[in-house]
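Asks: Have a look at this one before I ask anything.
The values are calculated or read from the model by the stated rules, or taken from the named source; none is laboratory data. This structure is a prediction, so every number in the text was calculated from the model and none was measured. Please note: Cβ atoms are built from the backbone with ideal geometry, for glycine as well, and neighbour counts cover all protein chains shown. To get the accessible areas, we keep the full protein, side chains included, count just its heavy atoms, and leave off ligands, DNA and RNA. Shrake-Rupley method; radii C 1.70, N 1.55, O 1.52, S 1.80 Å.
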Amino acid sequence: MSKTVIDSFSKKLIAWHAQSGRSGLPWQGNRDPYAVWVSEIMLQQTQVATVLERYPRFMKRFPTVKKLAAADVDDVLAEWAGLGYYSRARNLHACAQQIVREFAGKFPQDPALLEQLKGIGRSTAGAIAAFAFHERAPILDANVKRILARLFAIEGAIQDKAVNDSLWKLATELLPLKPQDMPTYTQALMDFGATWCTSRKPVCLSGEKKCPFAKDCQANLSDQVLALPKKVIKSKSPEFDCHMLLLRSGNSVLLQKRPDKAIWGGLWSLPESPWAPRDLSFLKEELSSSNLLSLTLPEEKSVLFLRNCTPPNRGFYIKHVFTHRRLWMQIWEVNAMKTIPFTNPNLKWVPLKQLGRHGLPQPIKVLLQGLSLARDGDLKN
């Protein structure tokens, strides 16, 4: 690739953005590093359409980094519920507290310092620095990797360190010389990968629009557009079964807080048994009250408790698809005659009208709504 192409890339991309880039997104044109940071974290592995709905609501609930830092982590997780990858929400909260504690509530301008903050990687640090501070800092998300791999015909899997290093080098070399161009350039790079140089239907193959890099793109010139970047063959996602206890007492339901490092970490869910590799015989299994409680509440099993509960009734069998696994949940419904207290602080009875205040995994939230547990829209946001 000639030096001329490298030198002209940013100018062509900025010119393309003026004609075909996205506009009107609520986080665009905002130089507040807090607002930029929240949008960047939320957009990671979440569709733009979903973020368009949730981002304004999150910003209204937590308008500043100090407000977010002072919030209870359960409130942050409740607001994040449904967006997935909940470690992002926990990291947002921890990072906000770090910024308040170490930087007096002001985001550092240096990308290297930004990268040291909780949950902020090199690409996110570059985006914050470029948008908020006009720093000449590169980004390298999945869209940008695809653009560069095609433009320069980069062979090898982009997960390989050598390939990734070469992509970072190119991303740095392609930056515009003028710092004031960085916000537009960075947004243009994101938009071009998301709307034109897409993974499955890039415009260069449709013939409907003319790509500004058609004559420079090595993948286009060699008919390798869909072959680059090289795709890694994914193994089949493992499937698991588990029992879940839907225990109700009057107008309350029993919830259990999940470990921070687990899937759905930090959220409140139904007590569950350990996950086991999927076995179709699981469908035929019948559980007694004692067996169910020993699986889902092993530390709380007691004769007194059993005497106050109805026999378990087999409920829904729910499938939930994660990015790298599938979970089948057998719900067992049990009623307790009174809300017997638990010794475990991660177990608590939650009144139905307060369910909406807790971060719930999406399938559990849908389950509770479907069973009409919430009244007068208590689970509605």
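Asks: Can you name the number of the only condition in (1) within 25 Å of N30 (Cβ to Cβ); (2) modelled with pLDDT of 95 or more that L151 fails?
Replies: Among (1) within 25 Å of N30 (Cβ to Cβ); (2) modelled with pLDDT of 95 or more, the lone unmet condition for L151 is (1).
Asks: Of all residues in region 125-139, how many are crowded, with 21+ Cβ neighbours inside 10 Å and under 20 Å from I6 (Cβ atoms)?
Replies: The number of residues fulfilling the criteria is 5.
Asks: To continue, here is another question. Report, by residue number, each residue of region 40-62 that is within 14 Å of C95 (Cβ to Cβ) and more than 11 Å from the chain's Cα centre (by Cα).
Replies: Answer for region 40-62, where residues must be within 14 Å of C95 (Cβ to Cβ) and more than 11 Å from the chain's Cα centre (by Cα): just F62.
Asks: Can you work out which of the residues in region 311-364 that are charged (D, E, K, R) and not in a loop (DSSP other than H, G, I, E, B) is farthest from A78 (Cα to Cα)?
Replies: Ranking the qualifying residues of region 311-364, first place goes to R314.
Asks: Pick from F282, F240: which is open to solvent by 10 Å² or more (accessible area, probe 1.4 Å), modelled with pLDDT of 95 or more and either out of contact with any Cys (no Cβ under 8 Å at 6 or more places or on another chain) or assigned to a strand (DSSP E or B) (or both)?
Replies: F240
Asks: Related question: Condition first: in contact (Cβ under 8 Å) with a residue 40 or more places away in the chain and surrounded by fewer than 17 Cβ atoms within 10 Å (Cβ to Cβ). Now tell me which residues in region 9-20 satisfy that.
Replies: Listed by number, the residues that qualify are K11, K12, A15, S20.
Asks: Moving on to the next point. Restricting attention to region 21-75, which residues are buried (at least 20 other Cβ atoms within 10 Å of the Cβ) and basic (K, R)?
Replies: none
Asks: Could you say which residue among I128, I147, I139 is under 30 Å from P63 (Cβ atoms), among the β-branched types (V, I, T), assigned to a helix (DSSP H, G or I) and in contact with a helix residue (DSSP H, G or I) (Cβ under 6 Å, 6 or more places away or on another chain)?
Replies: Step by step, each of I128, I147, I139 is checked, and only I128 is under 30 Å from P63 (Cβ atoms), among the β-branched types (V, I, T), assigned to a helix (DSSP H, G or I) and in contact with a helix residue (DSSP H, G or I) (Cβ under 6 Å, 6 or more places away or on another chain).
Asks: Could you tell me which numbered condition G82 fails, if it satisfies all but one of (1) over 26 Å from V350 (Cβ atoms); (2) under 14 Å from the mean Cα position of the chain (by Cα); (3) assigned to a loop (DSSP other than H, G, I, E, B)?
Replies: (1) is the only condition that G82 fails.
Asks: Which condition from (1) under 27 Å from the mean Cα position of the chain (by Cα); (2) under 19 Å from C242 (Cα atoms); (3) open to solvent by 50 Å² or more (accessible area, probe 1.4 Å) is the one that R314 breaks?
Replies: Failed condition: (1).
Asks: Any residue that is of a type outside the set (D, E, K, R), within 19 Å of W196 (Cβ to Cβ) and touching a residue at least 12 places away in the same chain (Cβ under 8 Å) - is there at least one of those in region 29-39?
Replies: No: region 29-39 contains no residue that is of a type outside the set (D, E, K, R), within 19 Å of W196 (Cβ to Cβ) and touching a residue at least 12 places away in the same chain (Cβ under 8 Å).
Asks: Give the number of residues within region 249-277 that are crowded, with 18+ Cβ neighbours inside 10 Å, part of a strand (DSSP E or B) and touching a helix residue (DSSP H, G or I) at 6+ places or on another chain (Cβ under 9 Å).
Replies: Total meeting the criteria: 8.
Asks: Restrict the check to region 182-203 and report whether at least one residue is more than 30 Å from I318 (Cβ to Cβ), touching a Pro at 6+ places or on another chain (Cβ under 8 Å) and not in a loop (DSSP other than H, G, I, E, B).
Replies: yes
Asks: I need the full set of residues from region 150-163 which are in a helix (DSSP H, G or I) and either over 20 Å from I233 (Cβ atoms) or open to solvent by less than 40 Å² (accessible area, probe 1.4 Å) (or both), in order please.
Replies: Scanning region 150-163 gives R150, L151, V163.
Asks: Between residues in region 95-110 that are touching a residue at least 12 places away in the same chain (Cβ under 8 Å) and residues that are open to solvent by 30 Å² or more (accessible area, probe 1.4 Å) and of a type in the set (F, W, Y), which pairs lie under 6 Å by C-beta distance while being six or more apart or on different chains?
Replies: Pairs that qualify, where the first residue is touching a residue at least 12 places away in the same chain (Cβ under 8 Å) and the partner is open to solvent by 30 Å² or more (accessible area, probe 1.4 Å) and of a type in the set (F, W, Y), are Q109/F133.
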